[in-house]
1. How many residues does region 99-149 contain that are touching a strand residue (DSSP E or B) at 6+ places or on another chain (Cβ under 8 Å) and on the phi > 0 side of the Ramachandran plot?
2. Can you confirm whether region 42-61 contains a residue that is at pLDDT below 95 and not acidic (D, E)?
3. Within region 67-96, can you find the residues that are in contact with a helix residue (DSSP H, G or I) (Cβ under 9 Å, 6 or more places away or on another chain) and small (G, A, S)?
4. State all residues of region 13-48 that are farther than 14 Å from R90 by Cβ, touching a Lys or Arg at 6+ places or on another chain (Cβ under 9 Å), in a loop (DSSP other than H, G, I, E, B) and not aliphatic (A, V, I, L, M); if no residue qualifies, say none.
5. Filter region 83-112 down to residues that are surrounded by fewer than 17 Cβ atoms within 10 Å (Cβ to Cβ), out of contact with any Gly (no Cβ under 9 Å at 6 or more places or on another chain) and either within 27 Å of E58 (Cα to Cα) or without any contact (Cβ under 8 Å) to a residue 40 or more places away in the chain (or both), then give me how many there are.
6. Within region 109-160, which residues are closer than 15 Å to R5 by Cα and among the basic types (K, R)?
7. Is there a residue being of a type in the set (K, R) and either surrounded by 15 or more Cβ atoms within 10 Å (Cβ to Cβ) or on the phi > 0 side of the Ramachandran plot (or both) anywhere in region 150-157?
8. Taking interchain pairs and intrachain pairs at least six residues apart, which have beta carbon atoms under 8 angstrom, with the first residue in region 33-56 and crowded, with 20+ Cβ neighbours inside 10 Å and the second of a type in the set (S, T, N, Q) and assigned to a loop (DSSP other than H, G, I, E, B)?
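The values are calculated or read from the model by the stated rules, or taken from the named source; none is laboratory data. As the structure is a prediction and not an experimental result, all values here were calculated from the model. Backbone-built Cβ (ideal geometry, glycine too); neighbour counts: all protein chains shown.
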Amino acid sequence: MPPTRILEPASLDCGQVLYDKTQIYEILPQKYEFAQLDAVIHADSATQTFAAYRDVREDEWWCRGHMPGQPIFPGVLMVECAAQLSAFARHLLLPDPDSIMGFGGIDRAKFRESVLPPARMIFVGRAIDMRKRKFSCEVQAFVGEKMAFESRIAGIRLKI
């Protein structure tokens with residue numbers, strides 16, 4: 001049984017972009033194929049919740065090989081999206097210009113639905129542990145009303 005939703009995806013307005021892809025990756029270090037998020041659409045420091053979307057397209061680099069004839073969005077890329085959303089949330093909640101959030105771990109990951117292109121995945125998260133050296137979030141991903149993925153992402157502070 002899926003957990004309680006952090007945010008209801010239907011309550012989020014994908015037309016109200018707070019940070020577009022260019023703005024996200026001015027903050028996050030990922031580039032090229034690893035710039036996974038398309039837009040941040042919710043950021044609430046009072047509730048420590050946030051949301052972004054990722055449009056899964058049929059012409060992406062992974063489609064040819066995962067799985068031929070029926071491309072399934074790879075679980076590792078869902079994890080990467082969740083980690084990038086967590087890193088972005090850390091930047092908003094605990095600004096630290098001398099560091100970035102490095103991937104520190106994943107816990108309680110569940111892949112609940114196959115995601116086939118074209119699809120819009122909405123990632124929602126909530127900060128659960130905010131310290132200078134460690135930052136953790138619960139993250140869920142939805143396609144439509146269905147929860148496709150959930151996990152707890154831990155990040156560690158990396159000096160730049």
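1. 2
2. Yes, region 42-61 has at least one match.
3. Passing the criteria: only A87.
4. C14, Q36, D38, T47
5. 4
6. Once the filter is applied, which keeps residues that are closer than 15 Å to R5 by Cα and among the basic types (K, R), region 109-160 yields K110, R112, R126, K146, R152.
7. The answer is yes; a qualifying residue exists.
8. Q36/Q30; I41/Q16; R54/Q36
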